[in-house]
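Beneath this line is the structure, given in structure tokens, with notes to follow.
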Amino acid sequence: MSAADLPRIAMNDFRAAWADLGDDAHAAFARVGQSGWFVLGREVASFERALAPWFDARHAVGCASGLDALEIALRALDVAPGDKVLTTPLSAFATTLAILKCGAVPVFVDVDARGAIDLERAAAALERDPTIRFLLPVHLFGMPMDLDHLQALAARHDVRIIEDCAQSIGAAFGGRKTGSVGRCAGTSFYPTKNLGCFGDGGAFLTSDDALADRARSLRDYGQSAKYVHDRVGMNSRLDELHAAILERAMMPRLEGYLARRRAIARRYADEIVNPLLAPLTVASQAAPVWHLYPVIVEGDRDALQRHLRDAGIDSAVHYPIVIPDQRAIVEQGTATVLDPLERARLFAARELSLPIHPYMDEAAVTRVVDACNAWARP
Ligand SMILES: *Cc1c(COP(=O)(O)O)cnc(C)c1O
């Protein structure tokens, strides 16, 4: 059988998801329709209570997107125009965009071997410039950063940490969940994320009661009570409809989804033996959730991508351009780049993500393994 006869292996399979959970989603839809209440009601409150423990947080505040959750997090912490926010050059653009939307200044240092912000470089930056008082790290690919190191950084320097957990729901380091070490965190329910919805959504997370109140106000026009506006807020509310679908159709499957991602990652780690493809190393205390499965390609990445495509396998690059090199940042002109970013640029040039999603069966995993092992340097 040639690759043309085999089903394509995509980065996600939303149709298979629908076949699995469509009935539960319909029931959630009917429940909200019958309730006659569509914005900030029982479904959002109930989903928020169910979500918070996934980040060891006391409060979750549903909002319209992951981007908004991060902007709300920064604003809840009083980030003001001109304030410097230390962050990573390698992430979804939204991480930096949240900083810019507050009028704050992104400050970049290089990444470590796993593509996350290098905490040694971050510590050096905080040492040199005490006017940097905010740090926005990303648990990239669903790989938890070293939370002990992150906490030590916050203890040593006067820096407030906002964790970007858009890719890391359920990930843990040393038994603690991502999102639990910073003052607050943000996550996303964009469809491709590990807990994805049928559109946009996100959540702010914190264990600080006062911060949670501020976030609730910020997502709802800055109201403290009906028609009482204490601050300039946003309209960034998670819909009742999405909250109901997330809690009643997606969440009951989340534990199984993460287990499936881990099982696929284990097979890739054990069975892909091509020395031209290096997986990320996993720290002994880390329990990643594998939002993506990156390999670092020695050789021509485009050729590998073509080779996989010819075998009916999709792949993707995360991320092809480091954030400070994006035109929007260059033209905006305020960003500060403290390092040459050699590792981040090398990562951008060499990373390739293999398909890893909960509806992939063993036969599909085997095809990816075989295609990876069959690739030779052209
Ligand atoms: C997806 C993502 C975001 C943005 O989330 P949206 O819901 O798409 O706004 C932010 N940071 C990271 C790391 C992401 O992967």
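Just so you know, all these numbers are worked out from the coordinates, no wet-lab data involved. On a predicted model such as this, the values are computed, not experimentally measured, just so you know. All Cβ positions, glycine included, derive from the backbone under ideal geometry; neighbour counts span all protein chains shown.
Taking the centroid of alpha carbons for each part, the range 316-362 and the range 212-262 are 28 Å apart. Between the C-alpha center of the range 26-52 and that of the range 143-165 there is a gap of 33 Å. Shown is the FRET efficiency for Ala283 and Glu127, computed with R0 = 25 Å from the Cβ-Cβ distance and rounded to the nearest 0.05: 0.55. Listed from fewest to most Cβ neighbours within 10 Å, the set Thr131, Thr87 follows the order Thr131, Thr87.
In plain terms, the chain from Arg31 to Arg8 could stretch by 4.7 nm, reckoned as 0.36 nm per residue minus the Cα-Cα distance. Summed over all non-identical Cα pairs, the Kirkwood treatment of the chain gives a radius of 21.4 Å. Taking amide H as placed 1.01 Å from N in the peptide plane, Ile313 has its amide H under 5 Å from the amide H of Ile9, each at least 5 places away in sequence or on another chain.
Within a straight-line Cα-Cα reach of under 18 Å, Lys84 can be paired with the following lysines, leaving aside sequence neighbours fewer than 8 residues apart in one chain: Lys101. Treating r as the C-beta distance of Ile321 and Asp370 and R0 as 30 Å, the FRET efficiency rounds to 0.45.
Only loop residues by DSSP count here, and only those with at most 16 other Cβ atoms within 10 Å; note down the GluC sites (Glu not before Pro) in the range 211-305 that meet that. Let's see the in-between values first.
Details: sites: Glu240, Glu247, Glu255, Glu271, Glu298; in loops: Glu298.
Within the range 211-305, the qualifying GluC sites (Glu not before Pro) (loop, at most 16 other Cβ atoms within 10 Å) are Glu298.
Could you name the lysines whose alpha carbon sits less than 19 Å from that of Lys177, not counting residues in the same chain fewer than 8 places away? Straight-line reach from Lys177, under 19 Å: Lys193.
At a 10 Å Cβ-Cβ cut-off, how would you order Met145, Met360, Met234, fewest neighbours first?
Numbers: Met145 25, Met360 21, Met234 17.
Ranking Met145, Met360, Met234 by Cβ neighbours within 10 Å, fewest first, gives Met234, Met360, Met145.
Put in order of Cβ neighbour count within 10 Å, fewest first, the listed residues Arg176, Arg75 become Arg176, Arg75.
Taking 0.36 nm per residue of separation and subtracting the Cα-Cα distance, full extension of the segment from His229 to Arg350 would add 38.7 nm.
Taking the chain as a Gaussian network of alpha-carbon nodes connected by springs under 10 Å, the highest mean-square fluctuation of the residues Leu21, Leu352, Leu218 belongs to Leu21. Considering only Ala50, Ala73, Ala172, the mean-square fluctuation computed in a Gaussian network model of the chain, springs between alpha carbons under 10 angstrom, is largest for Ala50. Spin-label pair Lys101-Arg309: with each label point 7 Å from Cα along the Cα-Cβ axis, the two points sit 3.3 nm from one another.
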